[in-house]
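Trainee: Dropping a structure here in structure tokens format, bear with me for questions.
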Amino acid sequence: MPPTDAANPDTGGPCLSLRRVAIDTYRENVAYLHRDCDVYRAEGFQALSKVEVRANGQRILATLNVVEDPRIVQPHELGLSIDAFEHMGVDNGHPASIWQAEPPESIAALHRKINGERLGREDFHAIVRDIAGHRYSKIELSAFVVATNRGELDREEVYFLTEAMIASGRRVDWHERLVVDKHCIGGIPGNRTSMLVVPMVAAHGMVCPKTSSRAITSPAGTADTMEVLAEVELPFDRLMAIVREHRACLAWGGTAHLSPADDVLIAVERPLSLDSPGQMVASILSKKVAAGSTHLVLDIPIGPSAKVRSMPEAQRLRRLFEYVAGRLGLSLDVVITDGRQPIGQGIGPVLEARDVMRVLENHPQAPQDLRQKSLRLAGRLLECDPDVRGGDGYAIARDILDSGRALQKMQAIMAAQGQKPFDHHHPPLAPLSFEVLAEQDGVVTGIDNLQLARVARLAGAPKVASAGVDLAFKLGDTVARGQPLYRVYAAYPADLEFARQCCQRASGYTLGEAQDMPHVFVEF
């Protein structure tokens, strides 16, 4: 057992033996010391204080947890959470030292923001550098997120925050005049238009390097759904090679290190259920500019259970996006779309992959709303091409889809990323299921996006890719009492029961008269 007062050969500080503690702390470095550790007592550490760990020429900042169970760490050991241990790049037992961490340089700027002051460019760059360097505790991160919530950032501050987030990570240069992307602000289940838009514009010859997130609060992200069809966790160099050869990719963005401060902030925003306009603009635009995009089509869905619920709110958000994009030199086309209901029939990775492949194959059961929305978004992107006349994009996109060229491009992308077997005619759905029946005759006048997303998540999606909700009716459809509105799929009895109880409280469907249907004034 090594003595704790021995000198660490790497740092000269008191020596402890590193131990990997198998706890996933989700983007937060956590260190563990035993209460009887000599270093813990001598240095006067406190639980949840910020510490610096040094070993093997590496240093990380971490939040300290104090334990009493020697099965977690013994008095001569220094434990690190999974991500923190991997960052050090050493084996169990490697000598390490632990020190009190200096407060982050930007802490004074953070306090000024908490007090409601306006911050300048250098303040935001300093704060974001410290966030990307994991120098903030979760408490300090939460304070920053709350202080920059609704109405607390003016538009120039949003620009400074976005610029700082771009500077915090890698920035890709494709050496192309035109690099396009499409993004939706989220909140609409089944809205898998990216998986159709990308192969359509790539088949036209445009570069579209699509890196997407996994679901955080939704039943499926683009990366989760694409993972049903192909590998999405790819080394950055391989992603670059795929894009150069095929003009596109559909991959998870986590390996690319684009705007890393955003990944840290998201880990705090989601538990707080905060999605302020300023943070949303900075998050989306920083990732797109860092990924090398020159032109972006942005989808803002509007509806009673969407993120944006009124046209004035949508227009305010559009103006903020346009201002920041203009300052960054990014060409932006904002499209306000119908967000009153889910897009497509399936909610959950396997069901959404089925819908996407049916649209690509021009299958008779392909969901028409997913097809039409994807064609229109692809059309807007195609019109970024100076050789395409304004208004011609939709027809070109339709020709690419109907001719099978989009399917061929998608198959090439899947093969390059590492294709997985998937039969969309008989998708591998979870074995347990139940139907939710209409309790009366009527017309579908409302579908609650949030409730159906909740049901799909309780059923196991996205962690269980084969779980989810398969819709039978959409807005305006006539339903008879006793007909199934949708079917819920789950892999485990407990998940099935959680979803069933949620459906019993509220089905998510409203039935009434045709004239009761909410109208929404959108661009398509």
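Bear in mind these aren't lab numbers, they're just calculated from the coordinates by the rules spelled out. Remember, predicted model here, so these are calculated numbers, not experimental data. Positions of Cβ are generated from backbone atoms using ideal geometry, with glycine treated the same way; all protein chains shown enter the neighbour counts.
Trainee: Strictly over 27 Å apart at the Cα level, which of LYS113/LYS182; LYS287/LYS307; LYS138/LYS287 would you flag in this model? Could you put the intermediate results ahead of the total?
Mentor: Numbers: LYS113/LYS182 32 Å; LYS287/LYS307 20 Å; LYS138/LYS287 22 Å.
Over 27 Å Cα-Cα: LYS113/LYS182.
Trainee: Which whole-number percent of Cα pairs in the range 33-126 have a distance greater than 24 Å? Please report the intermediate quantities before stating the final value.
Mentor: On the way: 1478 of 4371 pairs.
Value for the range 33-126 (Cα pairs over 24 Å): 34 percent.
Trainee: Additional query: In whole angstrom, and with the biggest value first, how far do the Cα coordinates of the range 428-524 range along each principal axis?
Mentor: Principal axes ranked by extent give 41, 33, 24 Å for the Cα atoms.
Trainee: Among DSSP beta bridges lying fully in the chain, give the percent that are antiparallel, nearest 5. Kindly include the intermediate steps, with their values, before the conclusion.
Mentor: Values: 35 of 64 bridges.
Looking only at bridges with both residues in the chain, the antiparallel portion is about 55 percent.
Trainee: Once you order the gyration tensor axes a ≥ b ≥ c over the Cα atoms, which shape class does the range 342-498 get: rounded for a/c under 1.5, otherwise prolate or oblate by comparing a/b with b/c? Don't jump to the answer; show the numbers that get you there.
Mentor: On the way: a/c = 2.51, a/b = 1.51, b/c = 1.67.
Verdict is oblate for the range 342-498.
Trainee: Under 13 Å from the Cα of LYS463, which aspartates and glutamates turn up, not counting those fewer than eight places away in the same chain?
Mentor: ASP224, GLU227, ASP495
Trainee: Is the C-alpha gyration tensor of the range 107-167 telling us rounded, prolate or oblate? Criteria: a/c under 1.5 is rounded; beyond that, a/b larger than b/c is prolate, otherwise oblate.
Mentor: Working: a/c = 1.60, a/b = 1.09, b/c = 1.46.
Here the range 107-167 falls in the oblate category.
Trainee: In whole Å, how far is the Cα centre of the range 200-238 from that of the range 418-495?
Mentor: So the two Cα centres are separated by 23 Å.
Trainee: Given points 7 Å out from each Cα along the Cα-Cβ axis, report the ASP69 to SER403 separation in nanometres with one decimal.
Mentor: 6.3 nm
Trainee: Need the C-alpha centroid separation for the range 111-188 versus the range 242-263, integer Å.
Mentor: Distance between centres, Cα-based: 19 Å.
Trainee: Could you give me D for the chain, from Stokes-Einstein at 4 °C and 1.567 mPa s, where the hydrodynamic radius is the Kirkwood radius over C-alpha pairs? Units µm² s⁻¹, please. The partial results should precede the final answer.
Mentor: Numbers: Rh = 24.9 Å.
The diffusion coefficient I find is 52 µm²/s.
Trainee: Under a Cβ-Cβ cut-off of 10 Å, what is the net charge of the residues other than ARG380 that fall near it, where Lys and Arg count +1 and Asp and Glu count -1? Walk me through the numbers on the way to the answer.
Mentor: On the way: positive: LYS182, ARG376; negative: ASP299, ASP333, GLU383, GLU523.
Result for the neighbourhood of ARG380: -2.
Trainee: Is the shape of the range 281-427 rounded, prolate or oblate, going by the alpha carbon gyration tensor and its root eigenvalues a ≥ b ≥ c, with a/c under 1.5 for rounded and a/b larger than b/c for prolate? Numbers along the way, then the final one.
Mentor: Details: a/c = 1.73, a/b = 1.41, b/c = 1.23.
Prolate, since a/c reaches 1.5 and a/b exceeds b/c.
Trainee: Less than 14 Å Cβ to Cβ from LEU110, Lys/Arg counted +1 and Asp/Glu -1: what total charge do the surrounding residues give?
Mentor: Once positives and negatives cancel, what remains is -1.
Trainee: Rg/Rh for the range 264-355 to two decimals, with Rh computed the Kirkwood way over all alpha-carbon pairs.
Mentor: Reported Rg/Rh, Kirkwood definition of Rh: 0.99.
Trainee: Further question on the same structure: May I ask you to derive the relative contact order of the chain, considering only C-alpha pairs under 8 Å and at least 6 residues apart, and to give it as an integer percent?
Mentor: Values: 1120 pairs, mean separation 71.5, N = 524.
Reported as a whole number, the value is 14 percent.
Trainee: Looking at the range 344-403, what % of the alpha carbon pairs are farther apart than 17 Å? Don't jump to the answer; show the numbers that get you there.
Mentor: Numbers: 734 of 1770 pairs.
Here the long-distance tail beyond 17 Å is 41 percent of all Cα pairs in the range 344-403.
Trainee: Relative contact order, percent, of the range 52-114 when contacts are C-alpha pairs under 8 Å separated by at least 6 residues?
Mentor: 45 percent.
Trainee: So between PHE422 and PHE236, what do we pick up on full extension, going 0.36 nm a residue minus the alpha carbon distance? Each step should come with its number before you reach the end.
Mentor: On the way: separation 186, 0.36 × 186 = 66.96 nm, distance 2.54 nm.
Residue separation times 0.36 nm, minus the Cα-Cα distance, leaves 64.4 nm.
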